[in-house]
Amino acid sequence: MSEPDRFEDDLLYALTRTGEGFRPDQADQPGMVAGGYQRGRRRWRHRSAAAVVGGAAALALVGTGAVYLTGSASPSGAGTVAAAPAASTGAGTGLTPASAGAGTPSPTAAAAVTGDEVLSTFKALLPKGGITEASGRGTDDPQTKGTFASAELVFDDGAGKSRLMLGVQKHRPGQGQDRSCPELKPGQLDACSVTTLADGSKLYLSEGYEYPDHRADTKEWMASLTGPDGREINLSEWNSPQEKGAPDSRPNPPLTLDQLKAIVTDKSWDRIVAAVKPDGVDDAAQSTGLSLQDRQATLAKLLPAGVTVTKADGNEVFTNVQLRQGGTSGSLVLRVQKLVQQPGDKATEKLFEGATVLPEGGLLKLYGPGTSDSKAMPMADVLRGDLRVMAAQGPTGKPLLSLDQLKAIATSPEWTLKR
């Protein structure tokens with residue numbers, strides 16, 4: 001991977017966090033929500049080798065905000081549209097977000113499950129009917145590194161063939177997002193509901209279409225279960241043997257919403273869920289102990305005269321900062337991270353290849369105009385022991401900080417580990 005590509009991977013996570021706070025104009029919301037549903041479904045159907053969002057998808061997420069994952073510009077998950085029929089000196093080799101997603105299995109991690117086991121579990125929960133084109137993916141698949149399991153098949157109950165797809169993943173605490181029912185125009189969803197089950201799980205059910213704009217009439221009905229243990233089980237069915245590009249084989253998909261619910265809530269998935277490793281970035285493990293307020297106060301001291309912080313939000317690692325200079329607004333993405341070394345991981349070592357050695361022994365990589373990666377977004381990335389500090393031009397507003405000013409922020413000794 002080239003350094004510009006590696007830079008983009010490194011910044012994508014910050015951009016997605018920033019994008020979660022954006023809200024579309026009301027006039028554009030219905031179409032964006034419909035598109036968000038499609039992108040959200042594709043995310044779990046076609047997991048990448050690194051199990052993270054790729055460049056184009058992440059940038060789309062920035063544009064649509066929380067719509068991408070939740071299907072709604074509202075963070076709320078309750079509601080119904082239509083009634084459903086039922087500073088250290090230690091050596092540091094750390095992780096970029098792309099590599100951190102693989103996670104580290106805990107000592108009590110369950111044994112891996114094979115694709116055949118996932119598929120047989122799925123088959124056992126289906127009503128009587130013919131099954132063809134069946135395949136499964138287990139947690140032993142090296143492409144997803146244990147963060148995903150799935151099964152796919154064509155089911156025929158005698159009334160026509162139907163494509164069924166099921167995916168199982170697990171989120172880290174506080175990182176899952178509940179689906180919600182959006183306010184869409186008639187015809188975009190025929191039914192939608194979100195309910196809270198006795199164990200605290202959220203169950204989303206919908207009767208919709210593969211294309212909300214009805215460029216084709218193929219229907220998609222789906223169920224999505226998110227649980228307190230981080231599980232997310234998604235099941236979709238179509239009234240066609242293919243998701244796209246095939247004639248409809250029946251008026252409606254074969255399984256009712258009650259049947260979809262029964263499948264995703266069945267206890268037989270517990271063993272598979274236990275074997276799935278959490279995806280995403282373990283922010284808590286990479287926390288420096290600096291609170292959001294700590295980081296904002298330190299940054300305020302490092303900004304050039306006349307540039308002020310108007311808003312800052314984020315998690316344990318990333319801070320999305322809104323800036324103002326006079327009547328001009330801009331933004332900054334700040335990353336302050338404690339590196340977590342995993343055996344054999346070389347991502348950070350490769351990221352800082354060719355870096356400038358700082359007087360105190362740290363490493364500095366610069367991106368943007370005047371560097372070897374002149375087309376990249378301006379960014380300064382510093383590694384000092386097991387502390388990493390990145391300051392990058394944000395995705396909104398005007399560029400208020402030069403690359404030299406970003407460098408001054410990232411290389412400042414003000415940044416230290418609290419733990």
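The values are calculated or read from the model by the stated rules, or taken from the named source; none is laboratory data. Fair warning: this is a prediction, and the values are worked out from it, not measured in the lab. Virtual Cβ from ideal backbone geometry, glycine too; neighbours counted across all protein chains shown. Surface accessibility is based on the protein's heavy atoms, side chains included, excluding ligands, DNA and RNA. Shrake-Rupley method; radii C 1.70, N 1.55, O 1.52, S 1.80 Å.
General observations
- P(r), alpha carbons of the range 282-393 - 5 Å bins starting at zero, rounded %: 2, 10, 18, 22, 21, 16, 8, 2, 1, 0
- In the assembled protein chains, Lys161 presents an accessible area of approximately 90 Å² (probe radius 1.4 Å).
- For the range 291-337: span of alpha carbons on each principal axis (Å, largest first): 30, 17, 13
- Pair-distance profile P(r), taking every C-alpha pair of the range 222-274, with 5 angstrom steps and integer %: 4, 19, 24, 19, 13, 11, 7, 2
- Using alpha carbons only, the radius of gyration of the range 129-175 set against its Kirkwood radius gives Rg/Rh = 1.15.
- In a DSSP loop and with at most 13 other Cβ atoms within 10 Å, the trypsin sites (Lys or Arg not before Pro) in the range 373-406 are Lys375.
- Over the range 159-318, equivalent-ellipsoid semi-axes from the Cα gyration tensor in Å: 41, 21, 14
- Three semi-axes of the equivalent ellipsoid, the range 116-240, Cα gyration tensor, whole Å, largest first: 23, 23, 13
- Extreme residue, positive dipole direction of the range 326-419, given options Leu334, Thr371, Leu403 (C-beta unit charges): Leu334
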